[in-house]
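Below is one structure, written out as structure tokens; the observations come after it.
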Amino acid sequence: MRATTSARARIANANALKATTKRIARGARGTRGAVRVEAKRTADGPKVVIAGITGAVGQEFLRVLKERDFPYSEMKMLASARSAGSKVDFDGETYVVEELTESSFDGQDIALFSAGGSISKKFGPVAVEKGCFVVDNSSAFRMTDGVPLVIPEVNPEAMAHLKLGGKAGIIANPNCSTIIALMAVTPIHRAVGVERIVVSTYQAASGAGALAMKELEQQTREVVNDGECKTMEIFQWQYAFNLFSHNAPMTENGYNEEEMKMVKETRKIWDFKDVNITATCIRVPVMRAHAESINLTLKNPLDEVKAKEILSSAAGVSIIDDRAANRFPTPLDATDNDDVYVGRIRQDISQPNNKGLDLFVCGDQIKKGAALNAVQCAELLLK
Ligand SMILES: NC(=O)c1ccc[n+]([C@@H]2O[C@H](COP(=O)([O-])OP(=O)(O)OC[C@H]3O[C@@H](n4cnc5c(N)ncnc54)[C@H](OP(=O)(O)O)[C@@H]3O)[C@@H](O)[C@H]2O)c1
């Protein structure tokens, strides 16, 4: 059940939560944090629509577009009727949020969707019909034949046929846990081949949206102050000081949908059906940024020194791997940063002949797992 909150309150909540996560992240920046620049408003830039502007990902789109100097001529902010009329500031201008309707996409060039799967399903094809490219954060089209599922550092070639000015189409952003895992595992796969992946996730509240972050904060206050958790509107269990199996629906084989997304999407992104993957996805009471423990079975031998070298030169990957200091990636390292952080890079002693490798990975799933990846895809449309 979702809590009902006024549109203005939701935007205020999202901003307050952003301030909270920034506070938490203070002093924990990675080595390659994004450089802040003003977004580039230019008369010949594309007309950009953000669908789901009041949500956790929608708010992050604004920051990423600004940080990356994304060119645009006009910007349109969409959400549900609940939010229509509320205001959003971007790049020195104040925009009035509009209700998302079919006509929202008339004359638009690129739509960044983060308003949930049913909205993407209904309005994504409408936008494309009107000549507007869609980069979709939901799972609506990820496994649809003909829709590229893209991580720009991994498989940009999948969307090479889609360019602004050409025939419009949908590009799907993979699931956030899949993106974070594959940013680290793909360089290893390219070097020696990966035959099997065993992954366990530790997923943050922000993966479930702005209201889930708010609930974790509220529950934490309640437990600390009153000794009792009273607010359980987003999740049916106490989240503060607890963890539980991911809230995605269970499927017939005993895996939940989040776990099966990691399995299916990896095969599509790598265009490699024979990779064996098993996943266990867990929600942990972290505000923002997912962590993943990843065990690999390799086709060809690779020692841990070489693995570290490969990962050190991989685009979008930073290493935090100091055994002497017991210093490895944490969600706070990743919070607000573009890169995926990798550590605990070690030989799996249970697999002989250097054919097994263990990694621990952290990535900001609202950023690289959603908004940043989508904006990078939009950038590929411009090239
Ligand atoms: N959070 C993540 O880390 C993450 C990562 C990858 C992918 N995603 C995907 O991105 C999407 C958004 O996630 P989120 O975390 O940003 O969720 P969220 O914080 O709950 O935000 C949802 C957004 O969708 C809008 N919306 C809801 N119903 C709508 C309707 N009928 N018409 C138009 N807009 C509507 C909401 O507008 P109102 O405020 O008006 O209700 C809000 O802007 C989901 O599909 C999610 O699976 C999220």
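A few remarks follow.
- As a summary of the residue check, Ala191 satisfies the conditions (1) touching an Asp or Glu at 6+ places or on another chain (Cβ under 7 Å); (2) over 21 Å from Lys264 (Cα atoms) except for the one numbered (1).
- Residues being out of contact with any Phe, Trp or Tyr (no Cβ under 9 Å at 6 or more places or on another chain), hydroxyl-bearing (Ser, Thr, Tyr) and more than 22 Å from Val263 (Cα to Cα) - total across segment 106-141: 1
- Residue in segment 183-197 that is touching a residue at least 40 places away in the same chain (Cβ under 8 Å) and more than 25 Å from Ser350 (Cα to Cα) present: no
- Selection of segment 162-182 for residues being without any contact (Cβ under 8 Å) to a residue 60 or more places away in the chain and part of a loop (DSSP other than H, G, I, E, B) yields Gly165, Gly166, Lys167, Ala168, Gly169.
Conditions (1) surrounded by fewer than 24 Cβ atoms within 10 Å (Cβ to Cβ); (2) among the hydroxyl-bearing types (Ser, Thr, Tyr); (3) modelled with pLDDT of 95 or more, marked per residue:
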| residue | (1), (2), (3) |
| --- | --- |
| Thr330 | yes, yes, yes |
| Asn337 | no, no, yes |
| Gly343 | yes, no, yes |
| Gln347 | yes, no, yes |
| Gln351 | yes, no, yes |
| Gly356 | yes, no, yes |
| Asp364 | no, no, yes |
| Leu382 | yes, no, yes |
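- Segment 85-109: number of residues that are more than 14 Å from the ligand (Cβ to nearest atom) and in contact with a helix residue (DSSP H, G or I) (Cβ under 9 Å, 6 or more places away or on another chain): 5
- All of Thr251, Thr280 fail the test of being among the polar types (S, T, N, Q) and touching a residue at least 24 places away in the same chain (Cβ under 8 Å), apart from Thr280.
- The conditions of being more than 14 Å from the ligand (Cβ to nearest atom), touching a Gly at 6+ places or on another chain (Cβ under 9 Å) and over 30 Å from Gly131 (Cα atoms) are met by Ala184.
- Single unsatisfied condition, Leu112 versus (1) away from the ligand (no atom under 14 Å from the Cβ); (2) over 30 Å from Phe360 (Cβ atoms): (1)
- Count of segment 198-239 residues, restricted to those that are more than 16 Å from the ligand (Cβ to nearest atom) and either more than 30 Å from Leu357 (Cβ to Cβ) or in contact with a Leu (Cβ under 6 Å, 6 or more places away or on another chain) (or both), is 17.
- Unmet requirement for Thr21, which otherwise passes all of (1) at pLDDT below 95; (2) open to solvent by 60 Å² or more (accessible area, probe 1.4 Å); (3) not acidic (Asp, Glu): (2)
- Residue ID - most open to solvent (accessible area, probe 1.4 Å), chosen from residues in segment 230-283 that are farther than 21 Å from Ile171 by Cα and acidic (Asp, Glu): Glu252
- Residues (more than 13 Å from the ligand (Cβ to nearest atom) and among the aromatic types (Phe, Trp, Tyr)) located in segment 115-144: Phe133
- Scan of segment 198-224 for residues that are in contact with a strand residue (DSSP E or B) (Cβ under 6 Å, 6 or more places away or on another chain) and either open to solvent by 10 Å² or more (accessible area, probe 1.4 Å) or on the phi > 0 side of the Ramachandran plot (or both), ordered by number: Val198, Ser200, Tyr202
The values are calculated or read from the model by the stated rules, or taken from the named source; none is laboratory data. Source: prediction; values computed, not measured. Cβ sites come from the backbone with ideal geometry, for glycine too, and all protein chains shown count toward neighbours. Note: areas computed on protein heavy atoms with side chains; ligands, DNA, RNA excluded. Shrake-Rupley method; radii C 1.70, N 1.55, O 1.52, S 1.80 Å.
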